[in-house]
Amino acid sequence: MCGIVGYTGAESAAPVLLRALKRLEYRGYDSAGVATVYAGEVVVRKDAGRVDEINARLKLESMPGTVGIAHTRWATHGAPTAQNAHPHTDCSGRIAIVHNGVIENYLALKKELLDLDHSLASRTDSEVVAHLVEEYLRRGEQLEQAFRKALQRLEGSYAVALVSSLSPEKILAARREAPLIIGAGKGFNMVASDITALIEMTKEMVFLHDGDMAVLTGSGYRILRIDTGEVVERPVKVVELTVEMAEKQGYPHFMLKEIFEQPETLRNSLRLQIEYVDLLAELLDRGRTVFLIGAGTSYNACVAGSYLFSQIARLPTLPVIASEFIPNYGASIGVDTVILAVSQSGETADVLSALEYARMRACTILGITNTVGSTLTRVSRAYVLQNSGPEIGVAATKTFTSQVLVLAKIALRLARLRGKIAQYEIDEFNSWLERVPQTVAEALTMVNEPVRRLAERIAESRVVFILGRGVSYSTALEGRLKIMELSYIPCITYPAGESKHGPISVIEGGVPVIFVAPPDEYRKQNIGSIMEMKARGAYTVVVGDASDQELKQLADYYIEMPKIHPLLSPTTYTIPFQLLAYYTALAKGHDPDKPRNLAKSITVP
Ligand code: F6R
């Protein structure tokens, strides 16, 4: 969950590392630090807090040396203190490491190291790596070999980078179940947890595989397998992202920029390589049982997907929260099970462990992800890239709408393949689908101001209800997640028909109840539910079609939406909720880009 980066070359390392750290902050921002090698010594500066604050205090930017590593942390083991901040050093101070992941056997390793007279300064799992390397050095190994031997002792997940005064020009790095990429430059080389940290410096990237270790200098790099030491080649990929793409482009926050760039990202998502979509459709069609798995927002997209697959392609599927997949379905899956995993990062630990389990049982694994070279792309039999571009805001926005659109596109290909709906229906749905980017652009213009006003009211609320029926249940789920994670206001969501089975007892005067009510076959039932809530004094907000006069009359506050095929409505009806979450967070004085206690990529189980 942390971000790591390393630089070796001719330039001063610290300024490069600092700029990269800023871009990695979305992976965690509890503490940060830098280690450089200079005049035969390892220099470390680190503290609790955000990169800018620490830089102002400790002048990270002016650290000397042309080789260095840096880290921004999202605490897993040990509180977010200066002591627990990375880089961590060995007893001699000749080795510094940064680590992302979880060393599962660190307690056993720590005990062993303490018995061997190492003294450990932090409460992290990561620090053992530096001391293990030191231990193998003590036993006579050279640095590279000592690093490799240390890695062989680790259980769990890691992306790790090391610098040492013993090899002042080198960075050693390795990965297992956590992403790590080499950025290959002219006269320098870098390594980082993701592309965003590298694109300012180079477009040439090498995606390391699980079990790879790399040795970088300013003039080249070598990749070898941790277990055998065998040297391996990995292809260089040219990643066509500009630095601007990863920056705010004039918006006050990444989240707002990402909300407003959805017409463009959705257009990119429609440019899928159709042969992969077809392959996915074919493989989905062969399954006896089909699961859609994801976590958080990606799970909400899976819920939308299950309605799309059922209603467009007549294929029943089960949406499952990734962490519940093994407990609930693990015992019943096998060779005729197909799993379509949806994950923006392609690195979410809960998703990957479900897939690993399913792979061992010969299930077919398919993926939708936003991340080229991610672990999901490697474990999938076939995958499609959603093409949303990097998402820096911690809360997912543009990646959700793209995921739903990609799922709709797959559903449509499946419908063709299965021949269960008429050609005219397919054509009609297709033309709605192709228009989604335009519809989203209209929605952004229509809802921004009304939602900004509504946010003032919502910011005063102690609880918010968000209800929907049919595919709008997925919109409600995503609306709830956005508002909760950014405004910290508890939200209640369930399919609207459930009110009378219990939750309505929470309703009292003034409680906001937001209905997601596109013009679909549930309109009448929605009207019934709105009346039910109004009768109990709720403040009813309805998100519905601009032309629906009856709903407009009924609601205390109405958000007008453009026309869209109801089954595609999650792509568009989610927009007011994204904006509502954003403006409510601002009204409450929260940073919408960095919600408390959260990180962008959850690479620990
Ligand atoms: C919420 C959010 C998270 C992620 C979840 C899964 O706004 O961003 O809930 O959706 O952690 O992440 P991915 O899609 O990378 O697997």
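The values are calculated or read from the model by the stated rules, or taken from the named source; none is laboratory data. All values derive from a computational prediction rather than experimental measurement. So basically every Cβ, Gly included, is an ideal-geometry build from the backbone, and we count neighbours across all protein chains shown. Calculation scope for accessible area: heavy atoms of the full protein, side chains included, ligands and nucleic acids excluded. Shrake-Rupley method; radii C 1.70, N 1.55, O 1.52, S 1.80 Å.
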- Note on the structure: Flagged in the stretch 376-411 as within 12 Å of the ligand (Cβ to nearest atom) and in contact with a His (Cβ under 9 Å, 6 or more places away or on another chain), in numbering order, are Gly393
- Looking at (1) within 22 Å of the chain's Cα centre (by Cα); (2) assigned by TED's automatic domain parsing to the domain that holds Gly185; (3) among the aliphatic types (A, V, I, L, M), which is the only condition Leu292 fails? (2)
- Message: Checking Ala96 against (1) closer than 30 Å to Arg596 by Cβ; (2) open to solvent by 30 Å² or more (accessible area, probe 1.4 Å), only one condition comes out false. Which one?
- Response: (2)
- Message: Any residue at all in the stretch 446-462 that's among the small types (Gly, Ala, Ser), in contact with a helix residue (DSSP H, G or I) (Cβ under 8 Å, 6 or more places away or on another chain) and within 16 Å of the ligand (Cβ to nearest atom)?
- Response: no
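In the stretch 68-111, which residues are under 18 Å from Leu180 (Cβ atoms) and either part of a loop (DSSP other than H, G, I, E, B) or at pLDDT below 95 (or both)?
Kept after step one, since they are under 18 Å from Leu180 (Cβ atoms), are these residues of the stretch 68-111: 68-74, 76, 86-88, 96-103.
Matches in the stretch 68-111: Thr72, Arg73, Trp74, Thr76, His86, Pro87, Asn100, Gly101, Val102, Ile103.
Only one of Leu114, Leu137, Leu120 is more than 20 Å from Ala214 (Cα to Cα) and outside any loop (DSSP other than H, G, I, E, B); which? Steps first, please.
Values: Leu137 fails: more than 20 Å from Ala214 (Cα to Cα); Leu120 fails: outside any loop (DSSP other than H, G, I, E, B).
Step by step, each of Leu114, Leu137, Leu120 is checked, and only Leu114 is more than 20 Å from Ala214 (Cα to Cα) and outside any loop (DSSP other than H, G, I, E, B).
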- Mind checking which residues of the stretch 335-347 are touching a helix residue (DSSP H, G or I) at 6+ places or on another chain (Cβ under 7 Å) and within 15 Å of the ligand (Cβ to nearest atom)? Ile339, Leu340, Ala341, Val342, Ser343, Gln344, Gly346, Glu347
- Note on the structure: The residue from Ser332, Ser306 that alone is closer than 25 Å to Ser431 by Cβ, more than 16 Å from the ligand (Cβ to nearest atom), over 20 Å from the mean Cα position of the chain (by Cα) and modelled with pLDDT of 95 or more is Ser306
- Extreme residue, nearest to the chain's Cα centre (by Cα), among residues of the stretch 362-371 that are buried (at least 24 other Cβ atoms within 10 Å of the Cβ) and part of a strand (DSSP E or B): Thr369
- Has the stretch 418-433 got any residue that is in contact with a helix residue (DSSP H, G or I) (Cβ under 8 Å, 6 or more places away or on another chain), among the basic types (Lys, Arg), open to solvent by 20 Å² or more (accessible area, probe 1.4 Å) and away from the ligand (no atom under 16 Å from the Cβ)? yes
- Taking the stretch 101-119 on its own, how many of its residues are on the phi > 0 side of the Ramachandran plot and open to solvent by 60 Å² or more (accessible area, probe 1.4 Å)? 1
- Message: With the structure loaded, tell me whether Phe188 is modelled with pLDDT of 95 or more, aromatic (Phe, Trp, Tyr) and out of contact with any Gly (no Cβ under 6 Å at 6 or more places or on another chain) or whether it fails that test.
- Response: no
- Out of all the residues in the stretch 395-416, which are open to solvent by less than 10 Å² (accessible area, probe 1.4 Å), of a type in the set (A, V, I, L, M, F, W, C) and under 11 Å from the mean Cα position of the chain (by Cα)? Ala395, Phe400
- Query: For the stretch 522-579, which residues satisfy the criterion of being under 27 Å from Val406 (Cα atoms) and acidic (Asp, Glu)?
  - Reply: Asp545, Glu560
